[in-house]
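Let me begin by presenting the structure, written as structure tokens, before commenting on it.
What follows draws every value from the coordinates through simple rules; no lab data is involved. This structure is a prediction, so every number in the text was calculated from the model and none was measured. Every residue, glycine as well, gets a Cβ built from its backbone with ideal geometry; the counts of neighbours run over all protein chains shown.
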Amino acid sequence: MEHMPDDVRDRLQTDRPHSARVWNYLLGGKDNYPVDSQVGDVILTKFPEFAAVARLQRRFLARAVRFLAGEAGIRQFLDIGTGLPTADNTHELAQRIAPESRIVYVDNDPLVLTHAQALLTSSPEGACAYIDADVRDPEHILAEASHTLDLSRPVALTMLGIMGQVADADRPADLVSALLAGLPSGSYLALSDGTDTNEALNTAVEIYNGQSANTYHLRSPREIASYFEGLDLVEPGVVPTGAWRPDPGQTAQTMAEVAVCGVARKP
């Protein structure tokens, strides 16, 4: 973490927790600061299952990308809200199935930016790129992504945990629609987010929001399902994260009912 441009260092705000770093801590990573681990521990005190939920979210990403690259035959991915690198990043999952896959990562966290090189290790046949951008600027994201992706061909848009970081005033559903509007028929949306259905989680998030440089907004399962309006949902629809196509030999894990997810195709 020591070798980074001054402007990125200034954006880090190491005196306040940041979502990507707290998430990294909850996943057992080391790319975080004491303020992040401290608030992470407070969250775990109020909602001990949070770390397990974080891992379930990553497992949904893996299952969704395997479906998209495999059964759906998608070869282009736009991953918004990338977070810090961990095991089985989107490009690794997709290129394991189809080495020619092209992936664009999007995030605006400065520490994620310093780790971009770790993400840009594409297979020789494919490509990876990284965009330092905010989900609230879909036009900019699509314009930059078009340098790596062919937006006349189907793209899988993956948005895991990112819309919860958008306040209601910024109209999150409209942002999802704007991104999908720039993608052709046959594209897919894979999205998951935290729900407001668990009081312990609600309390933990309130504590996080009171200390963090950014806030998280839990929403009802119905609100999250509305992001998929106008799309053709893949079975089993919008469901608790652990219940979306569990791997063979695994059962749906009900603890994931604090988050829901879905995958859908643009007609």
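Once the Cα gyration tensor of the chain is diagonalised, what are the square roots of 5 times its eigenvalues, in whole Å and ordered largest first, as equivalent ellipsoid semi-axes? The partial results should precede the final answer.
Details: eigenvalues 136, 103, 63 Å².
Equivalent-ellipsoid dimensions as semi-axes: 26, 23, 18 Å.
Rounded to the nearest 0.05, what FRET efficiency do SER152 and SER123 have when you use their Cβ-Cβ distance and R0 = 22 Å?
On the way: r = 23 Å, r/R0 = 1.03.
With R0 = 22 Å, the Cβ-Cβ based efficiency is 0.45.
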Report, largest value first, the span of the C-alpha coordinates of the stretch 137-257 along each principal axis, in whole Å. 44, 40, 24
Distance in nm between GLU229 and GLU100 label points, each 7 Å along Cα→Cβ, equals 3.8 nm
For LEU157, the residues 5 or more places away or on another chain with a placed amide H closer than 5 Å to its own amide H are LEU78, TYR188, LEU189, ALA190
Fraction of antiparallel bridges per DSSP, the chain only, in percent to nearest 5: 35 percent
Let's see if you can work this out: charge +1 on each Lys and Arg Cβ, -1 on each Asp and Glu Cβ, no other charges. What is the dipole magnitude of the stretch 6-265 about its Cα centre, in debye to the nearest 20? 640 debye
Out of ALA54, GLY210, VAL65 - ranked by how far each Cα lies towards the positive end of the dipole of the chain, with unit charges on the beta-carbon of charged residues - the top one is VAL65
The long-range amide H neighbours of CYS128, using H built 1.01 Å from N in the peptide plane and a cut-off of under 5 Å, are ILE103, SER122
Each residue of the stretch 198-208 in order: what ³J(HN,Hα) in whole Hz does its phi give by Karplus 6.51 cos²θ - 1.76 cosθ + 1.60, θ = phi - 60°, with x for Gly and Pro? 10, 5, 5, 5, 4, 5, 4, 5, 4, 5, 4
What ranking, highest mean first, results for peptides 220-229, 51-60 when packing means the other Cβ atoms within 10 Å averaged over each residue? 51-60, 220-229
